[in-house]
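J.: My questions all concern the structure below.
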Amino acid sequence: MIELTGAGKSYGSRCVLRGLNLAVNEGEFVSVVGSSASGKTTLLMIACGLLPPDAGSVSISGQPVTDFAPGAAIVFQNYSLLPWLPAIENIRLAVEGAFPLWTAAQHRDQAEKYLHMVGLGTAGAKRPSELSGGMRQRVAIARAFAVEPSLLFLDEPFGALDALTRATLQQELARMCSEAARPVTTLMITNSVDEAILLSDRVFALSRGPGASLSDPVAVDIPRPRAANMIMREEAAVRIRARLFNPAPVEVAAHVHASA
């Protein structure tokens, strides 16, 4: 569904990413774990079509990516809500753009449905400044799912939240992905290995930059539903952490396909 082959990016003389090979299968949840300033957000922007690579190629469903991927939604770390609009209108506006042939009533009903789904059914009239950080991110997640995406890109969606809110929204995201009417192919970047293990089918590690590269993917063979406290002590999770902290870099794209 999503494929990066030999992708790289530089800013002037500084090489940020080099030789990235990554494949995400349809309906799969894949995470990329890396430290701050390693190039994770740049990788995600390349994968979704918001930033062109300097080298290599990016394709979605076999087609070269030249713009933001059709049928995709993205959730940023900083909420990215329109501050002058109430929560319900932030969602409805996205729904209107995704489904232009729907009636105004259908747009409103869809927005209300997903606002209720994230537990904010009574907060639709509130503007972002009147909401807590966790509530704003719930609105951003609701907006992403309300357009019924086939592709979901997550840019450290819980990185700015406190631990309790982060844990709650991780479970909310896992529930929404599993309850979607059709498979949602998801690519998430995060600096939390435990978050990646909790949510993902496979995890890649991004090395430290400059010139960061990806490890071979590590399969998360832990049954769902998963809980954060279980991840902390699960023997399989310990093995996954060990492999991610001692990754072997990918040399050729074939390695990615062989493990996908």
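J.: Can we say Ala73 is in contact (Cβ under 8 Å) with a residue 40 or more places away in the chain, under 13 Å from the mean Cα position of the chain (by Cα) and part of a strand (DSSP E or B)?
T.: When the stated conditions are applied, Ala73 passes them.
J.: Here are the criteria: (1) touching a Gly at 6+ places or on another chain (Cβ under 6 Å); (2) at pLDDT 95 or above. Tell me which single one Gly39 does not satisfy.
T.: Among (1) touching a Gly at 6+ places or on another chain (Cβ under 6 Å); (2) at pLDDT 95 or above, the lone unmet condition for Gly39 is (2).
J.: Now a separate question. If I ask for residues that are of a type in the set (Ser, Thr, Tyr) and under 18 Å from the mean Cα position of the chain (by Cα), which ones from region 76-105 would you list?
T.: Just the residues of region 76-105 that are of a type in the set (Ser, Thr, Tyr), to begin with: 79-80, 103.
Tyr79, Ser80 - these are the residues of region 76-105 that are of a type in the set (Ser, Thr, Tyr) and under 18 Å from the mean Cα position of the chain (by Cα).
J.: How many residues does region 204-225 contain that are under 26 Å from Arg175 (Cβ atoms), surrounded by 19 or more Cβ atoms within 10 Å (Cβ to Cβ) and at pLDDT below 90?
T.: 0
J.: How many residues are in a helix (DSSP H, G or I) and crowded, with 19+ Cβ neighbours inside 10 Å if we restrict to region 113-133? Walk me through it before giving the result.
T.: Start the filter on region 113-133 by keeping residues that are in a helix (DSSP H, G or I), which leaves 113-117, 128-130, 133.
Still in the list and also crowded, with 19+ Cβ neighbours inside 10 Å: 114-115, 128.
Total satisfying the criteria: 3.
J.: Which one of these does Ala98 not meet: (1) closer than 26 Å to Lys40 by Cβ; (2) in contact (Cβ under 8 Å) with a residue 40 or more places away in the chain?
T.: (1)
J.: Which one of Phe145, Phe99 is aromatic (Phe, Trp, Tyr) and farther than 22 Å from Leu187 by Cβ?
T.: After applying the criteria, what remains is Phe99.
J.: Against the definition (crowded, with 18+ Cβ neighbours inside 10 Å, assigned to a loop (DSSP other than H, G, I, E, B) and assigned by TED's automatic domain parsing to the domain that holds Cys48), how does Leu161 come out, yes or no?
T.: Spelling it out, Leu161 is indeed crowded, with 18+ Cβ neighbours inside 10 Å, assigned to a loop (DSSP other than H, G, I, E, B) and assigned by TED's automatic domain parsing to the domain that holds Cys48.
J.: Still on this structure, please answer the following. Which count do you get for residues in region 213-238 that are hydroxyl-bearing (Ser, Thr, Tyr), under 12 Å from Val203 (Cα atoms) and part of a loop (DSSP other than H, G, I, E, B)?
T.: The total comes to 0.
J.: Looking at (1) outside any loop (DSSP other than H, G, I, E, B); (2) surrounded by fewer than 21 Cβ atoms within 10 Å (Cβ to Cβ), find the lone condition where Ala140 falls short.
T.: (2)
J.: Ok, one more. Look through region 40-70, keep the residues that are among the β-branched types (Val, Ile, Thr) and under 18 Å from the mean Cα position of the chain (by Cα), and return whichever of them is surrounded by the fewest Cβ atoms within 10 Å (Cβ to Cβ).
T.: Filtering region 40-70 for residues that are among the β-branched types (Val, Ile, Thr) and under 18 Å from the mean Cα position of the chain (by Cα), the one surrounded by the fewest Cβ atoms within 10 Å (Cβ to Cβ) comes out as Thr41.
J.: Does region 81-96 hold any residues that are aliphatic (A, V, I, L, M) and assigned to a loop (DSSP other than H, G, I, E, B), and which are they?
T.: Listed by number, the residues that qualify are Leu81, Leu82, Leu85.
The values are calculated or read from the model by the stated rules, or taken from the named source; none is laboratory data. In this text the structure is predicted, and so the values were computed from the model without any measurement. FYI the Cβ positions are ideal-geometry reconstructions off the backbone, even for glycines, and counts take in every protein chain you see.
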